[in-house]
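Novice: A single structure is presented below for examination.
The values are calculated or read from the model by the stated rules, or taken from the named source; none is laboratory data. Computed from a predicted model, the values in this text were never measured in an experiment. Positions of Cβ are backbone-derived with ideal geometry, glycine not excepted, and every protein chain shown enters the neighbour counts.
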């Protein structure tokens, strides 16, 4: 069997980092971890090839070579998926769909032959068994959550690694919280399931042996879902592993804001070179937090919680939402003021949408307020339901947030706030590569000479040179991010 695993093209979104990647001569921010893992689950005697449309083209030769096509993706990939399937059908190929977009809405893709839904550890064996017997069914799904401690090591060697800015790895699945708008608990459950530290480190060693050095994204929805295991098993082992190899990787992950209350855990995260976390802050409005079930964010000083991470050498990206039923016209200024005060440079602000299967979607459907399927793009300015606030006021206020926080004067002021609070714990001074030198000159040219932000860019760079010289690399990197974010904001 020759299996062709295809990952769809991601449109230019906030998280695609499309305009930032060109500075470092990379094609994509992250590889398709789901397909790389699936490749390891398929029979060893199969020939396998991965084509990620974000870093390469799908050729007719690829399709001619394959016996069967495996396709995965998310809502944001829907248009690309339809184009891929049409090409596969032109070549008379059998297509198998799996992953979040199909698990949530497989009936919207009638042209696909078979669906292996939910988590592949549970459903793929039944598909392979029926394939062997010649009795394949249309649909394979389950309502259980598998143990992931035995999930095989992903086949990163099938990727063109040098085209990615970061690699990705998974430690756990599931989240103990149950936010109304989030599909995570529906897809992965509320009881976190972890790999052992030995298994996690085995995967890291595989990356290391392939020659990877640099950024690694731990893709967990909430890495601190089981704090005891994280503190007692993974982090101590990871710290030792990194020390013995002179810190080859710096990690990004997702975490809940209440983790900041645990000083011991924050210290361990920093020592494990987790240098960046994404936190779902959503809103500074307490009533809206209560509305969406974000209880872990209530009754706390949210800016103070962000500071605890920053002061420990962990930068924070924040997810923010407007459009809750309790949001009034004042929410737009509240969001701007909070983002500026917090020093969260990477602030992803989106309009509320209701993903299929979530508690929010069910509630709004009952209230007859759902109008369409969500696009999956956090920042395209679209709504898939009828909001309580006047829609024109909501969309206009949303655009005002974006145009304000990513305006050069606001952005660089926020960047200075972050740099003052950010206190790196681990020095990773390595020999500067030619690629990094090239990226620096691109940043100086595009941001400092050609860009709209040249005055605040040079002002912040000179300020950093005299006040925060050890963090100049952080300033330049965030300037590049700002270039990307402004491009995204301009399209909304």
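Novice: Can you name the condition, by its number, that residue 340 falls short on among (1) part of a loop (DSSP other than H, G, I, E, B); (2) surrounded by fewer than 18 Cβ atoms within 10 Å (Cβ to Cβ); (3) in contact (Cβ under 8 Å) with a residue 40 or more places away in the chain; (4) within 26 Å of the chain's Cα centre (by Cα)?
Specialist: (1)
Novice: Right, something else. In the range 282-299, how many are touching a strand residue (DSSP E or B) at 6+ places or on another chain (Cβ under 8 Å), over 17 Å from residue 254 (Cα atoms) and not in a loop (DSSP other than H, G, I, E, B)?
Specialist: The number of residues fulfilling the criteria is 2.
Novice: In the range 188-208, how many are touching a helix residue (DSSP H, G or I) at 6+ places or on another chain (Cβ under 8 Å), within 18 Å of residue 120 (Cα to Cα) and surrounded by fewer than 21 Cβ atoms within 10 Å (Cβ to Cβ)?
Specialist: Counting residues in the range 188-208 that are touching a helix residue (DSSP H, G or I) at 6+ places or on another chain (Cβ under 8 Å), within 18 Å of residue 120 (Cα to Cα) and surrounded by fewer than 21 Cβ atoms within 10 Å (Cβ to Cβ) gives 0.
Novice: For the range 300-311, which residues satisfy the criterion of being without any contact (Cβ under 8 Å) to a residue 60 or more places away in the chain and touching a strand residue (DSSP E or B) at 6+ places or on another chain (Cβ under 7 Å)? Lay out the reasoning, then the answer.
Specialist: First, the residues of the range 300-311 that are without any contact (Cβ under 8 Å) to a residue 60 or more places away in the chain: 300-306, 308-309.
Those that are without any contact (Cβ under 8 Å) to a residue 60 or more places away in the chain and touching a strand residue (DSSP E or B) at 6+ places or on another chain (Cβ under 7 Å): 302, 306, 309.
Novice: Going by the conditions given, is residue 439 surrounded by 13 or more Cβ atoms within 10 Å (Cβ to Cβ), under 22 Å from residue 28 (Cβ atoms) and at pLDDT below 95? First the steps, then the outcome.
Specialist: On the way: surrounded by 13 or more Cβ atoms within 10 Å (Cβ to Cβ): yes; under 22 Å from residue 28 (Cβ atoms): yes; at pLDDT below 95: yes.
When the stated conditions are applied, residue 439 passes them.
Novice: So, restricting to helices (runs of 4 or more DSSP H) that lie completely within the range 168-281, which ones have at least 2 residues that are more than 30 Å from residue 353 (Cα to Cα), assigned by TED's automatic domain parsing to the domain that holds residue 34 and in contact (Cβ under 8 Å) with a residue 24 or more places away in the chain? It would help to see each step written out before you state the result.
Specialist: On the way: elements: 184-188, 197-209, 235-244, 263-271.
Output list is empty.
Novice: OK, next. Residues 153, 96: which one is in contact with a strand residue (DSSP E or B) (Cβ under 7 Å, 6 or more places away or on another chain) and touching a residue at least 12 places away in the same chain (Cβ under 8 Å)? I'd like the intermediate steps shown before the answer.
Specialist: Details: 153 fails: in contact with a strand residue (DSSP E or B) (Cβ under 7 Å, 6 or more places away or on another chain).
Matching residue, one of 153, 96: 96.
Novice: Here is a further query. Counting only residues that are outside any helix (DSSP H, G or I) and closer than 30 Å to residue 251 by Cα, which one in the range 315-335 is farthest from the chain's Cα centre (by Cα)? Walk me through how you get there before you give the answer.
Specialist: Our first condition is that a residue be outside any helix (DSSP H, G or I); within the range 315-335, this holds for 315-330.
Right, trim to closer than 30 Å to residue 251 by Cα and you get 315-322.
Details: 315: 15, 316: 13, 317: 11, 318: 12, 319: 11, 320: 14, 321: 16, 322: 20 Å.
Among residues in the range 315-335 that are outside any helix (DSSP H, G or I) and closer than 30 Å to residue 251 by Cα, the one farthest from the chain's Cα centre (by Cα) is 322.
Novice: So is residue 173 at pLDDT 95 or above, out of contact with any helix residue (DSSP H, G or I) (no Cβ under 7 Å at 6 or more places or on another chain) and crowded, with 16+ Cβ neighbours inside 10 Å or not?
Specialist: No.
Novice: Of all the residues that make up the range 442-492, how many are surrounded by fewer than 20 Cβ atoms within 10 Å (Cβ to Cβ) and outside any helix (DSSP H, G or I)?
Specialist: 4
Novice: Continuing with this model, one more query. Could you identify the single residue in 312, 317 that is surrounded by 18 or more Cβ atoms within 10 Å (Cβ to Cβ) and over 17 Å from residue 411 (Cβ atoms)?
Specialist: Numbers: 317 fails: over 17 Å from residue 411 (Cβ atoms).
So the residue among 312, 317 that is surrounded by 18 or more Cβ atoms within 10 Å (Cβ to Cβ) and over 17 Å from residue 411 (Cβ atoms) is 312.
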